[in-house]
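Notes for the one structure printed next.
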DNA sequence: TTGTACGCGTTATCAT
DNA sequence: ATGATAACGCGTACAA
């Protein structure tokens, strides 16, 4: 069944240097390419880095050799010469697992096939050597870019360290820098948390809720502030306000949401709905409500934020606000890799309310 | 307020070469150290790589210089000379977010401060170029080690590729290689899934359950087989068997668990308990039960596997089997980094039943 | 025990 | 447009 290679115009002589080389079964280097193509290393290098100043003929010839012997430039050697690696660093402190993994997936969507790899580097923002450790990491690895996740993406000192290091970096954040605080001038991928919370408020009010509890996040988090503000704005549009009597601060954790829920639901004139600043706390409020014998959404409507896996799996499924985390991750990686890179970009992503089964019309009250 | 350095025994002369160097504010290289310490590069190199053949005096003197000028060897240059990088690769296809993050945390526990960094590399096992992509990744990055997660940790072809590449690697798996299948001779971190499932069976039987439904994982997963076998063994110890009439195969997903639950619970002579091979499916079964008006655990006890965040957050909290994922990750990294490394290790980790609120004594039946 | 000379695979300089 | 030669920062023969 062996077909003679009649259609092959060039008969591969046994002495073909390329064939000879392939027999040696060694990883090809730029030297091999240069020798086989009868050009200098530099020319090959120019082609690899697609410099314009190379004749089209030469380029094609060399590329043919590269393809035949399967040459791929060594990132380490390349990095040594370039004084930078082909690694992206993902630095974060605390966020939940799903957030991290979604973000990683987004980044990897972009990174895949680009010759760049992703290095994950969690850290402890409460550590004394917090900044030093990150400095060492970035400097030593000569990262070609860094992505910062909340909450440390809002850390001014950290930002300054990265600026000193002159490494391109992108911050993921919920804060649109238009407040009184001095604007942070770096590339950033911003989510419109506020918008999502406005929608949540809208949704509840339209369902007839008037007395609405609020579980907010830690005041130190930019996202917590944004969500509070968005929720407040949403209420205000209907002539309502956040009611301190049925508001509690949580720590973005399940337990804190449970406690906040207990507190809010034991108030006189109990609210008919609760908006929690994230899903973890919303689920905690579920537990508090169910333990008190309240039915969701019959007696109490609940809205969360994040659209975590919990939200869709809990029963009844949780109405929540979704952020396009994966898209944000991909975009962050894009600004780092496709660098027009000296400009500081700000990319904004919308939030969207996902209505499920934890919200229903407000129960009739017995007061007229 | 400037205190004269009276306590300083050595007066730092303005001409101190080290001080001179520090003024230049450049990153120190091995050459700087050598020059400042008046030894050769090689000696410094020996000290970095703690070769024994260096006089103690010399070592201390050089180390002093290293400390003073803050020299840290460049991983890229070092890697180029060593022909390997200081990167660990984490390769996986599909597992859930919490699993991935726990595993990453475990690995990072070990990696932190070791001068090694972690590169995450998800892949698509259904892709045509699956093996090629991984080969390229490992070869190009010259990884110093690879950690494989289930289910691709059981992929024979992949294992063969890594062996050809001669890269140290560790597989994380549920299968203790003592079956009829040819044993896989590589380093591996094994979890005793079987043990956990036996305990689950024990627990249910001791609560008086006799008719017990079973939702198993995909037959292609080693963990699914192990869990089935463990559950079967647990039942057998009490003279019971897995009952095909109330058994269904799921895909380790919430939806599949929901469907399996519906199917099992609509059987005549409905079971009083269900064991699901992971938490996702167990939560799906929750939903099925609640939709049918059954109460958990009043009418139906449920046990899951994984101790995912869902398990403790759902109401009532799910009884489940916990695996020490983070410990397993740390151990995997240890075998790669502290290499005695030519030996193939097998490290085994126990599973533990976590009893919460989704299991209760079997309801009295009306048959005598 | 220590040093010299060279190699690792690539890019940059400055010619031609 | 192309090439010779020197970096890049570190490790290893081999010699001393």
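Relative to the longest principal axis of the Cα atoms of chain A, helix A:325-337 runs at roughly 40 degrees. Residue B:160 label point (Cα plus 7 Å toward Cβ) to equivalent points in the other copies: 5.8 nm, shortest first. Taken residue by residue and averaged, Cβ atoms of other chains lying within 10 Å of the Cβ of A:304-314 number 4. Between A:222, A:166, A:35, the GNM of chain A built on Cα springs shorter than 10 angstrom shows A:35 fluctuating the most. Using C-alpha pairs below 8 Å separated by at least 6 residues, the relative contact order for chain A is 15 percent. Placing a label point 7 Å from Cα along the Cα-to-Cβ direction at residue B:105 gives distances to the equivalent points in the other copies of 2.0 nm, listed shortest first. Relative contact order, whole percent, for the range B:56-192 stands at 23, derived from Cα pairs under 8 Å and 6 or more residues apart. Residues A:221, B:286, arranged from fewest to most other Cβ atoms within 10 angstrom of their Cβ, appear as A:221, B:286. The distance separating the Cα centre of the range A:269-293 from that of the range A:112-127 comes to 35 Å.
Relative to the dominant Cα principal axis of chain A, helix A:97-111 is inclined by about 30°.
Counting only Cα atoms, the range A:210-368 measures 62, 33, 26 Å along its principal axes, largest extent leading. A prolate overall shape is assigned to the range B:41-200, the ratio a/c of its alpha-carbon gyration tensor axes (a ≥ b ≥ c) being 1.5 or greater and a/b exceeding b/c.
For helix B:130-141, report the angle its Cα long axis makes with the longest principal axis of the Cα atoms of chain B; keep it between 0 and 90° and round to the nearest 10°. Taking the Cα atoms of chain B, the angle to B:130-141 is about 20 degrees. Neighbour counting of Cβ atoms within 10 Å sorts the residues B:118, A:88, fewest neighbours leading, into B:118, A:88. Taking every alpha-carbon pair under 8 Å whose residues sit at least 6 apart, the range A:242-368 reaches a relative contact order of 22 percent. For chain A, the spread of Cα positions along the three principal axes, ordered from largest to smallest, is 99, 57, 33 Å.
Inter-copy label distances at residue B:339, shortest first and taken from points set 7 Å along Cα to Cβ: 3.2 nm.
Shape analysis of the range A:82-121 places it in the oblate category; the axes a ≥ b ≥ c from the Cα gyration tensor give an a/c of at least 1.5, with a/b not above b/c. The Cα-based radius of gyration of the range B:17-72, divided by its Kirkwood radius, gives an Rg/Rh of 0.96.
For the range A:200-280, the Cα-based Rg and Dmax, in that order, read 11.8, 32 Å. Computed over the Cα atoms of the protein assembly as shown, pair by distinct pair, the Kirkwood hydrodynamic radius stands at 29.4 angstrom.
None of the figures in this text is laboratory data; all of them are computed from the coordinates on show. In this text the structure is predicted, and so the values were computed from the model without any measurement. Please note: Cβ atoms are built from the backbone with ideal geometry, for glycine as well, and neighbour counts cover all protein chains shown.
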